[in-house]
């Protein structure tokens, strides 16, 4: 028996390696050799090898041969009793002479029996086969192999999920406008900061011609991948549905029905969409989104909601509203991740601070103003991690 404190210290080392090592082409076999080097003398375990599933069989991939052990079987049939036992139990010690996953192991001159584990990821399946020499103890071997198998599968699953999230983040990033629109006499700038790798905030521009630009900003309920999928549907729906002929109300109602019937019907989106003409006229629909602010001199007008959030119920009533941007005016769009950010005293940044910040920096460009807002709001909570998605869009008439 291994002294428990030493045993768990060694096992923790192996499991830490699994969780931290780079998952490259040598990752799996490095764990096999690590297990042998650390536990070989204590567990009497040696000559590990790896088989990968390929259609109806498991093929040997690491290593092709071992000088100090039996020649491993090159193929394990998926229909063989030994393979079925391993796949069923996850970990199996073949101490019954009538069943073996590799009969060549038991034919060695010295007492040797096989032990195996099955390891899977969403994309691959493997079987690890080891040789147990005289002196092994079932409880210790099974506990160690089970722990290694569990940690390996968790790590492999995490790698796939993380990879999918990065792909989702790339897709979401591609939905955001690469450059602001070009409308003479106006500056546009937007910025979005997800709280996680992917998020539920978005903004978009639609350029119809040299005299008309559409602007959208929204906030999908929740965080992470479900919110990101909802964002994708909303952005795609807006781009497909909005036309120059001012059909935004019809598009909002149709988009609402599609989102409500979707798989993510428990989700909803607050959304503002408006169209800006080169003369400063701005026609918009606000479906339950925090009111954008129009700054003109010392005056502030709020573009209040004129409809319900998108997706919550099957039918919504929305209407268009109108404002005008005079020269020098600033139109500020934002999501609640900006004004609801809290500091260590549980104080929110709030709309008053946001209004004051914009008023005091009216001379700045749209880009400078957006970046300043993010800088100040981020610092408000001591530069700590964003707890909610945050987005700001500024339109400034020069």
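The values are calculated or read from the model by the stated rules, or taken from the named source; none is laboratory data. These numbers were taken from a predicted model, which means no experiment stands behind them. Note: ideal-geometry Cβ built from the backbone for every residue, glycine included; neighbour counts use all protein chains shown.
Would it be correct to say that residue 239 is at pLDDT below 90, in contact with a strand residue (DSSP E or B) (Cβ under 8 Å, 6 or more places away or on another chain), within 27 Å of residue 369 (Cβ to Cβ) and in the same structural domain as residue 366 (by TED's automatic domain parsing)?
Details: at pLDDT below 90: yes; in contact with a strand residue (DSSP E or B) (Cβ under 8 Å, 6 or more places away or on another chain): yes; within 27 Å of residue 369 (Cβ to Cβ): yes; in the same structural domain as residue 366 (by TED's automatic domain parsing): yes.
In short, yes.
Among residues of segment 367-396 being in contact (Cβ under 8 Å) with a residue 60 or more places away in the chain and farther than 19 Å from residue 177 by Cβ, the one that is surrounded by the fewest Cβ atoms within 10 Å (Cβ to Cβ) is 385.
When segment 326-347 is filtered for residues that are touching a helix residue (DSSP H, G or I) at 6+ places or on another chain (Cβ under 8 Å) and either crowded, with 16+ Cβ neighbours inside 10 Å or under 20 Å from residue 286 (Cβ atoms) (or both), the ones remaining, listed by number, are 330, 332, 334, 338, 339, 341. How many residues are over 11 Å from residue 124 (Cα atoms), part of a strand (DSSP E or B) and without any contact (Cβ under 8 Å) to a residue 24 or more places away in the chain if we restrict to segment 48-60? Residues that pass the stated criteria total 3. One residue stands out in segment 144-153 among those that are under 23 Å from the mean Cα position of the chain (by Cα) and touching a residue at least 12 places away in the same chain (Cβ under 8 Å): the one that is farthest from residue 21 (Cα to Cα), namely 153.
So residue 91 clears everything in (1) within 24 Å of residue 74 (Cα to Cα); (2) touching a residue at least 24 places away in the same chain (Cβ under 8 Å); (3) surrounded by fewer than 20 Cβ atoms within 10 Å (Cβ to Cβ) except one condition, right? Which one? Evaluating residue 91 over (1) within 24 Å of residue 74 (Cα to Cα); (2) touching a residue at least 24 places away in the same chain (Cβ under 8 Å); (3) surrounded by fewer than 20 Cβ atoms within 10 Å (Cβ to Cβ) leaves (3) as the failure.
Could you identify the single residue in 267, 274 that is assigned by TED's automatic domain parsing to the domain that holds residue 374, under 30 Å from residue 185 (Cα atoms) and in contact with a strand residue (DSSP E or B) (Cβ under 9 Å, 6 or more places away or on another chain)? Give the derivation first.
On the way: 267 fails: under 30 Å from residue 185 (Cα atoms).
One residue alone meets the criteria, 274.
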